[in-house]
1. Among the numbered criteria (1) out of contact with any strand residue (DSSP E or B) (no Cβ under 9 Å at 6 or more places or on another chain); (2) in a helix (DSSP H, G or I); (3) modelled with pLDDT of 85 or more, which single criterion is violated by Pro250?
2. Checking the conditions here, which among Leu187, Leu174 is under 17 Å from the mean Cα position of the chain (by Cα) and either in the same structural domain as Ala288 (by TED's automatic domain parsing) or modelled with pLDDT under 90 (or both)?
3. Scan segment 302-351 for residues that are assigned to a loop (DSSP other than H, G, I, E, B), out of contact with any Gly (no Cβ under 7 Å at 6 or more places or on another chain), of a type outside the set (Gly, Ala, Ser) and modelled with pLDDT of 95 or more and jot them down.
4. Which of the residues spanning segment 92-150 are hydroxyl-bearing (Ser, Thr, Tyr) and more than 20 Å from Thr81 (Cβ to Cβ)?
5. I'm checking my understanding of the structure. Among residues of segment 48-79 that are in a helix (DSSP H, G or I) and free of Cβ contacts under 8 Å to residues at least 60 places away in the same chain, which one is nearest to Leu27 (Cα to Cα)?
6. Could you check segment 48-63 and list, in sequence order, the residues that are touching a helix residue (DSSP H, G or I) at 6+ places or on another chain (Cβ under 8 Å) and not basic (Lys, Arg)?
7. Do we have any residue at all in segment 49-63 that's buried (at least 17 other Cβ atoms within 10 Å of the Cβ), within 23 Å of the chain's Cα centre (by Cα), under 18 Å from Leu304 (Cα atoms) and not charged (D, E, K, R)?
8. If I filter segment 13-33 down to residues being surrounded by fewer than 19 Cβ atoms within 10 Å (Cβ to Cβ) and modelled with pLDDT of 95 or more, which single residue comes out as farthest from Trp306 (Cα to Cα)?
Amino acid sequence: MTSNFLLYGANGYVGEAAAMLAVAQGLRPILAGRDAAKLEPLAQRLGVEMRVCALDDAPGLDRALRDVPVVLHCAGPYKFTSKPMADACLRAGVHYLDLTGEIPVFEALAARDAEAKERGVMLLPAVGFDVVPTDCLAVHLLRRLPSATRLTLAFQSVGRAGLPPGTQRTMIELLPFGDRVRLGGKLVVPKQAVKLRSVDFGQGPVEAMRFTWGDVYTAYHSTGIADIEVYAVLPAPMRRQMALLKTLRPLFSLAPMRALLQRGVRPGPSAQARAQTVTHVWGEVTDAQGRSAVSRLHGPEAGLVWTTRAALAAVKRVLAGNTTLGYQTPGKAFGADFVLECEGVEREDVH
């Protein structure tokens, strides 16, 4: 098995952490990005190759993809960056992985399924926390209740770690997209703007708020379950802020308004904050006869630690030849137990 892969966006917050973890795991990432001055110190420190190219430089991307079997694309927001990298991967016959959670990106990549199969390429977005844990849990729940017709997922972060800066920027850019749930197999805007429910992640019930998460798109492809909702436990100030943003959503279709919010993007959490943070994922399926199954996952901090561990586990699968051509989801490509390959992750079935 080759240990080489291209890691694009290696100088970013998550990209740098992925590069360092990859080397620690015995992989040989080729670091790539548009800024040589930012890439070079990291490449020298890790003792690995670097390749400089911008995403709007198609010939440069083609050169960067030479002799690599797979790309881990870590430069978002992916609504801007996914297409040029996917184009290059399809030209070169290189498998494509990224860390997006953006539903419009899933839709765009899924639309290229036939093209990818013809080119011998796997298009596998969302190999980070969004959506490896939730997607694998959805597949596991379907395994427990094959007759399931409804899927509800939820997650909770406990600790001081906030969101990575790239995730903050992506959430701002997606404000005009609005809320979505899966109903009758279709993505729809929910009639109820704000919805709360009680979820027990293992320490007693807490209140969670319905949240637009990638699984309303991906879990349908992974499981075929027609009705899907996702919830998140959010601090009260963030819940109030989100309710306000929903009200003001038409304003954020204007790029200057989104740029104003981007000025408030905070730096990523410190190593100490990440070490003191854990993440819980909960899922429930029900069927038409009223039967149900509930399972939970418990793992590390989500935005960087769980994300990089999951992404590199996916890279290793691809390097080992474990690929399915065309558009894929993590749970469909690698199975329900794939998430357990990430260090520090446990799964429990609630009976």
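The values are calculated or read from the model by the stated rules, or taken from the named source; none is laboratory data. What you see is a predicted model, and the numbers here were worked out from it, not measured in a lab. Note that each Cβ is placed from the backbone with ideal geometry, even for glycine, and that neighbours are counted across all protein chains shown.
1. (3)
2. Leu174
3. Asn322, Thr323, Thr324, Gln328, Thr329, Glu343, listed by residue number.
4. Correct list: Thr134, Ser147, Thr149.
5. Here the residue is Ala64.
6. Residues satisfying the conditions are Val48, Glu49, Met50, Val52, Cys53, Ala54, Leu55, Asp56, Ala58, Leu61, Asp62.
7. no
8. If we take residues in segment 13-33 being surrounded by fewer than 19 Cβ atoms within 10 Å (Cβ to Cβ) and modelled with pLDDT of 95 or more, then Arg28 is farthest from Trp306 (Cα to Cα).
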